[in-house]
Amino acid sequence: MRRERLALFFVVWAVGCAQGLNPVTGRITPSHFRFQTVVEISRNSHQPDGWRAVCIHARITEGNTGATDLCRFEVGLPLRNEEQGNIPLDWAQRTAARTANRAAHRVLAEVRPGEMIAVVCLQFKDLYGRMLKKEIDGARVSQCDASSGAPVYFDIPGELTP
């Protein structure tokens, strides 16, 4: 059986963490999640409120063939929810990064030979959204829109990240 080598350039390789077929490389850090506040918290409200988002453009590369595609998605989080109360930015960044790495590893470790990278991206976004919502109530992974600010790029040649 031919082993596929895939890299989503924001995934952590966790030794012994998964029994997948493929080695997975790359890592995203909390500093990559440059969230923009889209909606401020209302001063007189103690209800779930506020919103922050970041648009991600990450390259997925199949290591054996070098085939590559761009996986685009927005990560949106409340500034305050009922379960956690106020959600500090540094905690939101750490949680978003840790969860993205876990989701990407789970998806990429199980990719089969010949599977389309665009489908892999969709699988990742779906799993990441479900996992992140379990960590932060109200979180979502969706398509980027103008309110999330300029995209943050992961391992895309010719693109600079500030």
Problem - strands (runs of 3 or more DSSP E) lying entirely in the stretch 1-119 (those with 1 or more residues that are at pLDDT below 75) - result: 6-8
Practice task
Exactly one condition in (1) in contact with an Asp or Glu (Cβ under 9 Å, 6 or more places away or on another chain); (2) under 15 Å from Phe35 (Cα atoms) is not met by Glu82; state its number.
Solution key: (2)
Practice task
Would you point out the residue of the stretch 108-128, among those that are without any contact (Cβ under 8 Å) to a residue 60 or more places away in the chain and touching a helix residue (DSSP H, G or I) at 6+ places or on another chain (Cβ under 7 Å), that is farthest from Gln47 (Cα to Cα)?
Solution key: Gln123
Exercise for the section: Kindly indicate whether any position in the stretch 133-144 is among the polar types (S, T, N, Q), touching a residue at least 40 places away in the same chain (Cβ under 8 Å), assigned to a helix (DSSP H, G or I) and closer than 20 Å to Val38 by Cβ. Expected result: no
Exercise for the section: Of all residues in the stretch 145-162, count the ones that are at pLDDT 85 or above and surrounded by 18 or more Cβ atoms within 10 Å (Cβ to Cβ). Expected result: 2
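Looking at the stretch 60-72, which of its residues are of a type outside the set (Asp, Glu) and surrounded by fewer than 21 Cβ atoms within 10 Å (Cβ to Cβ)?
The answer is Thr61, Gly63, Asn64, Thr65, Gly66, Ala67, Thr68, Leu70, Arg72.
The values are calculated or read from the model by the stated rules, or taken from the named source; none is laboratory data. The model shown is predicted, which means the values in this text are computed figures rather than measured ones. We place every Cβ from the backbone using ideal geometry, glycine too, and count neighbours over all the protein chains shown.
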